[in-house]
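**Student:** Take this structure, written in structure tokens, and hold onto it; I'll ask about it next.
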Amino acid sequence: MKFLIIGDVVGEPGRNTLFKFLEKRKKNYDFIIVNGENSAGGFGINIKIAEQIFSRGADVITLGNHSWDKKEIYPYINNHKNLIRPINFSKEAPGNGYTMVEKNGVKVAVINAQGKIFMPPIACPFLTIEEILPEIKKETDIIVLDFHAEATSEKQAMGWNLTGKLSVVYGTHTHTQTADERILPGGTAFISDVGMTGGHDGVLGMNKKESIQKFKDGMPNRYSVCKENPKINGIEVEVNEKTGKAVAIKRINMGYDEI
């Protein structure tokens, strides 16, 4: 089973790059996961964009710390089980932290979690995931985690904590693709961060002028999305359908004109 996993989509440049890639290449994959938490102007996701991403071929959309930036998504997420937010958010928050999707006769579980280090206060992602794993394991051994976290150490610790238990553990949030992809002992594909889909000649997908000025003067600043040098970042992962073990992982880092 071949997975396509796409890193944080940032604004219109990210969406256009994603849609071009999916139009040409989605037939090469069995299951597609997209992190869409920055897809609406760089902050959050709205209904129109969620439906566009699903209609282009995504099976699951994951979110992160910007999940609630667009209020219209609150009721929508309750009615669309394949749009998921971090599982360690409050139980009072809208939506769900994982979903189970059956495709071509194979059940796949996708979990979303958020880190604690350098992030807003939140329940422990390690304990929260361990609590729900036994229930998920009753349904399937093919389990994928989008770990939306800042610290590389926390992401690596999560990978080692879940090795042999999940098919894929990958990081999102930093918008910078790492080069540490590997298959951990036990058959879990891991990478610290899959990167960002959007304009790469800025700062984390936003215009560099505004970002630089904020670092210089420390004053509040309204960021705008970077349009220059759009690229798609992500990973391809092959998973044995019978065992749930990953057998291959490959990074995707492709410019708009290369797609």
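The values are calculated or read from the model by the stated rules, or taken from the named source; none is laboratory data. None of these values were measured; they are calculated from a predicted model. Cβ atoms come from the backbone with ideal geometry, glycine included; neighbour counts cover every protein chain shown. Please note that ligands, DNA and RNA were not included when accessible areas were found on the heavy atoms of the full protein model with its side chains. Shrake-Rupley method; radii C 1.70, N 1.55, O 1.52, S 1.80 Å.
**Student:** With a/c under 1.5 counting as rounded, go ahead and sort segment 1-149 into rounded, prolate or oblate using the C-alpha gyration tensor (a ≥ b ≥ c being the square roots of the eigenvalues; past the cut-off, prolate if a/b is larger than b/c, else oblate).
**Tutor:** On the way: a/c = 1.72, a/b = 1.10, b/c = 1.56.
Since a/c reaches 1.5 but b/c is at least a/b, the shape of segment 1-149 is classed as oblate.
**Student:** Next up: What share of Cα pairs, in percent, lie more than 16 angstrom apart in segment 24-90?
**Tutor:** Values: 927 of 2211 pairs.
The answer is 42 percent, as a whole percent.
**Student:** Among DSSP beta bridges lying fully in segment 100-175, give the percent that are antiparallel, nearest 5. Present the calculation step by step, with values, prior to reporting the outcome.
**Tutor:** Values: 4 of 15 bridges.
Percentage antiparallel, nearest 5: 25.
**Student:** Using protein chains only and a probe of 1.4 angstrom, how many square angstrom of residue 25 are accessible, to the nearest 10?
**Tutor:** 70
**Student:** So for segment 17-114: antiparallel DSSP bridges make up what percent, rounded to the nearest 5? Write out the running numbers ahead of the final one.
**Tutor:** Numbers: 6 of 11 bridges.
The antiparallel proportion sits near 55 percent.
**Student:** Determine, for segment 109-186, the count of lysine pairs separated by eight or more sequence positions (or lying on different chains) whose alpha-carbon distance falls under 17 Å. Before the final figure, lay out each step's value.
**Tutor:** Numbers: 116/155; 137/165; 138/165; 155/165.
Close lysine pairs found across segment 109-186: 4.
**Student:** Eigenvalues of the Cα gyration tensor times 5, then square-rooted: what semi-axes does that give for segment 173-259, in whole angstrom, largest first? Can you show the working numbers first?
**Tutor:** Working: eigenvalues 229, 45, 14 Å².
One finds semi-axes of 34, 15, 8 Å for segment 173-259.
**Student:** I would also like to ask the following. Not counting ligands, DNA or RNA, and with a 1.4 Å probe, what is residue 225's accessible surface area in Å² rounded to the nearest 10?
**Tutor:** Probe radius 1.4 Å; accessible area of residue 225 about 30 Å².
**Student:** Mind telling me which of 215, 118, 43 comes out most flexible in a GNM of the chain, alpha-carbon contacts under 10 Å?
**Tutor:** Of the options given, 215 has the highest mean-square fluctuation.
**Student:** Considering only DSSP beta bridges where both residues belong to the chain, give the percentage that are antiparallel (nearest 5). Don't jump to the answer; show the numbers that get you there.
**Tutor:** On the way: 27 of 52 bridges.
Restricted to the chain, the bridges split so that about 50 percent are antiparallel.
**Student:** Can I ask one more? Taking only the alpha-carbon atoms of the chain, what semi-axes of the equivalent ellipsoid follow from 5 times the gyration tensor eigenvalues under a square root, in whole Å, largest first?
**Tutor:** On the way: eigenvalues 142, 82, 67 Å².
Equivalent ellipsoid semi-axes, largest first: 27, 20, 18 Å.
**Student:** Segment 78-179: which GluC sites (Glu not before Pro) are DSSP loop and have at most 14 other beta-carbon atoms within 10 angstrom?
**Tutor:** Working: sites: 92, 102, 130, 131, 135, 139, 150, 154; in loops: 92, 139, 150.
Those that pass, being in a loop and sparsely packed, are 92, 139.
**Student:** Do any trypsin sites (Lys or Arg not before Pro) in segment 107-168 lie in a loop, going by DSSP, with at most 10 other beta-carbon atoms within 10 Å of their beta carbon, and if so which? Provide the component values of the computation, followed by the final result.
**Tutor:** Working: sites: 107, 116, 137, 138, 155, 165; in loops: 116, 138, 165.
Sites meeting the loop and neighbour criteria: 138.
**Student:** Can you grab the distance from the C-alpha centre of segment 64-124 to the C-alpha centre of segment 15-62, Å, no decimals?
**Tutor:** 16
**Student:** Which of rounded, prolate, oblate describes segment 113-259, given a ≥ b ≥ c as roots of the alpha-carbon gyration tensor eigenvalues and a/c under 1.5 marking rounded, otherwise prolate only if a/b is larger than b/c?
**Tutor:** Working: a/c = 2.91, a/b = 1.59, b/c = 1.84.
Oblate is the answer for segment 113-259, as a/c is 1.5 or above yet b/c matches or exceeds a/b.
**Student:** Is the shape of segment 63-150 rounded, prolate or oblate, going by the alpha carbon gyration tensor and its root eigenvalues a ≥ b ≥ c, with a/c under 1.5 for rounded and a/b larger than b/c for prolate?
**Tutor:** oblate
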